[in-house]
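Just so it is clear, none of the values below were taken in a lab; they were calculated from the coordinates. Fair warning: this is a prediction, and the values are worked out from it, not measured in the lab. Positions of Cβ are backbone-derived with ideal geometry, glycine not excepted, and every protein chain shown enters the neighbour counts.
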Amino acid sequence: MKVTFFGGAEEVGRSCILISSGNSNILLDAGVKLGKVVEHPSITKQVLDKVDAIFVSHAHMDHVGYLPHLYSMGYRGKIYATKPTLELTNVLISDYMRISDPKAITKDGLTRMQKSYKIVEFREKIKVKDFTVSFSPSGHIVGASMITVDDGKNRLVYAGDVNLAKTRLLNGADIRNLNADALITESTYGGRKDIFPSESIVVNKALQSIRDTIKRGGKVIIPSFAVGRAQEVLFLLDDYMNSGVIPKVKIYVDGMINKANRIYRHNVIYCREELQKRILMSDYDPFRSPNFFPIESKTERSKVAASRESCIIVTTGGMLSGGPVLYYLSKLGTNQANKMILVGYQGANTPGRQLQDGAKEIEVEGKKIKVTLRIETYHLSAHADRRQLETFVSRIKGLKTVLVVHGEPGKLSEFSEDLAKKYRAIIPRIGIEYTI
Ligand SMILES: [Zn+2]
Ligand SMILES: [Zn+2]
């Protein structure tokens, strides 16, 4: 079995991996890297023409954003993914169309992409030429999967993005019964120091901070990815507001989060059983909490920003490179009564990372925004930390080779150096073919 990376190697973003065996070829993920400019994977038309099918791990732009490009380049194969992944992909892509180059994505390509969807159930076995492929839950966002590829001689597990911990909405990754010769693993938090404190400590500190800001009459801005973090943060706020830990104020929900919430809601069967029971057995549906106030128009958005009320605003984009959060920051970002709370991964060179590192101004799409309010970071990550990554790797039976991807250079090398004591550990480079 041969593995080639067209993106997501030595970086976080534009994940795209070719797996080949004999004359069978499949692609795992096809993402873009969002930043000041959108970066694409380096796959050529010549390679694409050989691809028999595409398998998608989960609906985040760094894993699905390049799909419409591939179909606009003439690709005609199928896309296999779980139902929530495919539905959420549609939401993300429709938003992406606003910023993407209309020449790169054709209407016809987009239509063909959506007609190529094939829903996969967890543990179902899909045969594509020499390959047998199956999905299992990776615990990262709803529908997120690890993908196992077997060519009859070797077996490979692609972790996608992985989280072992149970969250408010999801069970952790299902790491029982994994056996493989090779693993491709993310390492977003693979650095030796990436050990998260216990969730209850982080949550308590975050709640204290929110309480203080509300008591001061300020607004709390929480930028978030539309899919995954937003739902976890909203559920957390709802729980603690209902139990009186944080004062009752309006929780405004802006951007694509509202659409993503609806998809989460009707895919609740993919969430934790406790959540399904809560919705079925009681009258309380946290997705439709009376504490949440969706923002549906620009007028509503400007009213919220101009109002004097204390409130919480949960809005896209998660790394501040776009989305309504920029509007809120332009209006509220210099008022010291307000606060911004970061909860997710801030990619290298993104405005979110710049502010985290102490910048007082960001520039997005040529516009400068002064941001002098207090910024705090609380790790409510959807990714495994270093300890969890070690557990994950150690649970895979028969493992010989680990390919470490989806991480920043320092983290990749720290993680792979330690893995090298037990495995053949590789930090793959883009465009190079590795044999496993
Ligand atoms: Zn992800
Ligand atoms: Zn990712």
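I need the per residue convex hull volume for region 93-157, using only the alpha carbons, in cubic angstrom as a whole number.
Numbers: hull volume 9.0 nm³, N = 65.
It comes to 138 Å³ per residue, whole-number rounded.
Tell me, in nm to one decimal, what length is gained between K107 and K298 on full extension, where the rule is 0.36 nm per residue of separation less the Cα-Cα distance?
Numbers: separation 191, 0.36 × 191 = 68.76 nm, distance 2.75 nm.
Net length gain for the segment: 66.0 nm.
Which entries in K2/K400; K50/K422; K127/K411; K129/K153; K45/K400 show an alpha-carbon gap greater than 24 Å? List each step's numbers first, then the result.
Numbers: K2/K400 15 Å; K50/K422 35 Å; K127/K411 35 Å; K129/K153 14 Å; K45/K400 33 Å.
Going by Cα-Cα distance, K50/K422; K127/K411; K45/K400 fall outside the 24 Å limit.
Give the Cα extents of the chain along the principal axes, in whole Å, largest first.
Principal-axis extents of the chain (Cα, largest first): 65, 45, 45 Å.
For E124 and S94, what does the FRET efficiency come to when R0 = 22 Å and r is the distance between their Cβ atoms, rounded to the nearest 0.05? Present the calculation step by step, with values, prior to reporting the outcome.
Values: r = 28 Å, r/R0 = 1.25.
My answer for the efficiency is 0.20.
Of the trypsin sites (Lys or Arg not before Pro) in region 288-362, which ones lie in a loop per DSSP and count no more than 10 other C-beta atoms within 10 Å?
Filter output for region 288-362: R308.
Short version: what are the Cα gyration tensor semi-axes of region 1-107, square root of 5 times each eigenvalue, largest first, in whole Å? Please list the in-between numbers first.
On the way: eigenvalues 84, 44, 39 Å².
Value: 21, 15, 14 Å, ordered largest first.
Give the span of region 288-361's Cα atoms along each principal axis, as three whole-Å numbers ordered largest to smallest.
35, 27, 19
For region 345-435, how big is the tail of P(r) above 17 Å, as a whole percent of Cα pairs? Let's see the in-between values first.
Numbers: 2591 of 4095 pairs.
It works out to 63 percent of all Cα pairs.
Given the C-alpha atoms of region 144-228, compute the convex hull and give its volume per residue in Å³.
Numbers: hull volume 11.5 nm³, N = 85.
Cα convex hull per residue, to the nearest whole number: 136 Å³.
Please sort 145-153, 7-15, 96-104 by packing, taking for each peptide the average over its residues of neighbouring beta carbons within 10 angstrom, highest first. Don't skip to the answer; put the middle values down first.
On the way: 145-153: 20.9, 7-15: 24.7, 96-104: 11.6.
Top of the packing list down: 7-15, 145-153, 96-104.
Over the alpha-carbon set of region 199-377, work out the extent along each principal axis and list the three values in angstrom, largest first.
Here the spans come out as 49, 36, 31 Å, largest first.
How far apart, in nm, are the 7 Å Cα→Cβ label points at E363 and E274?
4.7
Considering just Cα atoms, how many Å³ per residue does the convex hull of region 222-317 enclose?
Working: hull volume 9.3 nm³, N = 96.
Spread over its residues, the Cα hull of region 222-317 gives 97 Å³ apiece.
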